[in-house]
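Worksheet for the structure shown next.
The values are calculated or read from the model by the stated rules, or taken from the named source; none is laboratory data. Remember, it's a predicted structure, so these values are computed and weren't measured experimentally. Neighbour counts are summed over all protein chains in view; Cβ atoms, including those assigned to glycine, are modelled from backbone coordinates with ideal geometry.
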Amino acid sequence: MAGELGIVKNYSVTIAREYGSGGRIIGKQIAEELGIAFYDKELISLAALESGLHEDFIQTIEQKKASGFFYNSFMASHELPIPEQVFLAQSKVIKEVAGKDSCVIIGRCADYVLGREKNCARIFIHSPISWRVGIVRDEYHEGGDDPEGFIRRQDKGRAAYHDFFTQQKWGKARNYHLCLDSSIGISASASVLKKFVEEFTNCGCN
């Protein structure tokens with residue numbers, strides 16, 4: 001069994017994260033060390049197959065809440081708005097991959113989609129914006145002349161998407177099992193979270 005951890009045979013780890021906090025890198029490292037599947041942009045391809053929409057189109061709109069321009073432009077009289085179709089398709093895919101085998105899932109409201117599952121460890125990764133500026137500028141090569149403004153806009157988009165579809169507050173501690181400040185370092189963060197996942201899957205209280 002993948003991961004070979006504890007009482008729960010299949011388990012999932014969802015990681016929501018502030019932009020530039022290194023959540024994707026940390027999640028991938030955890031998955032590799034635990035020997036379990038990792039899903040991030042792979043979910044776009046799977047959602048495209050599920051919905052019949054093009055991958056590039058899904059990537060463009062997957063974090064747009066179903067209102068305003070998108071609602072008026074894409075809603076047909078007999079259909080849900082396209083952003084809602086994408087959300088539902090991704091939710092279905094998330095449930096399928098989590099039910100199939102143990103995995104780490106990045107973003108896409110997976111913490112909410114799998115929130116009622118006892119074997120789902122919900123994590124939120126954050127860090128000071130000054131630390132995130134370094135990652136966004138040096139690793140992602142993004143942000144231009146105003147990396148802080150760029151980061152805040154990305155966070156605002158993620159929060160709006162999450163809050164709209166889940167009716168929960170993005171980043172609010174009570175919605176997660178663990179919140180971690182990744183400015184302790186990427187490797188240190190991965191080590192802490194790997195230990196947490198091991199304890200989570202073995203404690204029998206999840």
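At-a-glance table
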| read-out | value |
| --- | --- |
| Contacts under 6 angstrom Cβ, first residue in segment 187-204 being small (Gly, Ala, Ser), partner modelled with pLDDT under 95 and not in a helix (DSSP H, G or I), 6 or more apart | 204/7 |
| Residue within segment 91-105 that is touching a residue at least 12 places away in the same chain (Cβ under 8 Å), touching a Gly at 6+ places or on another chain (Cβ under 6 Å), closer than 23 Å to residue 31 by Cβ and crowded, with 18+ Cβ neighbours inside 10 Å present | yes |
| Of all residues making up segment 168-183, the number that are outside any helix (DSSP H, G or I) and of a type in the set (S, T, N, Q) | 1 |
| Residue 80, sole failed condition from (1) modelled with pLDDT of 80 or more; (2) among the hydrophobic types (A, V, I, L, M, F, W, C); (3) more than 19 Å from residue 157 (Cα to Cα) | (1) |
| Which listed residue, of 42, 55, 4, is modelled with pLDDT of 75 or more and either surrounded by fewer than 22 Cβ atoms within 10 Å (Cβ to Cβ) or touching a Pro at 6+ places or on another chain (Cβ under 8 Å) (or both) | 42 |
| Unmet criterion (only one of (1) modelled with pLDDT under 95; (2) within 30 Å of residue 86 (Cβ to Cβ); (3) part of a loop (DSSP other than H, G, I, E, B)) for residue 165 | (3) |
| Hits in segment 106-134 (condition: in a helix (DSSP H, G or I) and surrounded by fewer than 21 Cβ atoms within 10 Å (Cβ to Cβ)) | 112, 129, 130, 131, 133, 134 |
| Criterion: among the charged types (D, E, K, R) and in a helix (DSSP H, G or I) - qualifying residue of 155, 145 | 155 |
| Test: residue in segment 34-49 that is among the polar types (S, T, N, Q) and assigned to a loop (DSSP other than H, G, I, E, B) | no |
